[in-house]
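Taking it in order: structure first as structure tokens, then the write-up.
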Amino acid sequence: QVQLVESGGGLVQAGGSLRLSCAASGRIRSINDMDWYRQAPGKQRELVASITSGSSTNYVDSVKGRFTISRDNAKKTVYLQMNSLKPEDTAVYYCKVVVATTSLYNWDTYWGQGTQVTISS
């Protein structure tokens, strides 16, 4: 099995910064894409940022220029550096990773437990 442990959420004022981490552990042979999603109250979960195994990145328009996704393959960890935070960034943030556990022909998706990010105005 694979476990994902998220950390770094909290309460900050608008304009502040937070850094989220998501560490994967367990039976992992390889990690493909690593993503951050968020879900605000009453809204659908949305993809915020993604990073491929080759470190290509993609962002939702609303966070471009403010958020940076990165990964440390040796630590099996994905990060989300969030700067210039706005009240509308308030949400529960989830990491999602695509992992091969036994064979590179079989990939499974795992989700973190979520971490609350609250931005006060």
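The values are calculated or read from the model by the stated rules, or taken from the named source; none is laboratory data. Given the structure is predicted, the values throughout are model-derived calculations rather than measurements. Neighbour counts are summed over all protein chains in view; Cβ atoms, including those assigned to glycine, are modelled from backbone coordinates with ideal geometry. In case anyone asks, the SASA skips ligands and DNA or RNA and just uses the protein heavy atoms, side chains included. Shrake-Rupley method; radii C 1.70, N 1.55, O 1.52, S 1.80 Å.
Tabulated values for the structure
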quantity: Mean accessible surface per residue for the chain, computed with a 1.4 Å probe while every protein chain stays in place, in Å²; calculated: 53
quantity: Cα-based Lys proximity count in the range 62-121, under 21 Å, for pairs eight or more positions apart or on separate chains; calculated: 4
quantity: Antiparallel DSSP beta bridges within the chain, percent to nearest 5; calculated: 90
quantity: For the range 54-121, alpha-carbon Rg relative to the globular expectation (2.2 N^0.38 Å, N residues); calculated: 1.31
quantity: Aspartates and glutamates with Cα under 15 Å of LYS43, excluding same-chain neighbours fewer than 8 positions away; calculated: GLU88, ASP89
quantity: Estimated dipole of the range 33-121 in Debye, rounded to 20 [Cβ of Lys and Arg +1, of Asp and Glu -1, Cα centre]; calculated: 140
quantity: Square roots of five times the Cα gyration tensor eigenvalues for the chain, Å; calculated: 26, 14, 12
quantity: Carbon and sulfur %, accessible surface of the chain computed with the full protein complex present, 1.4 Å; calculated: 45
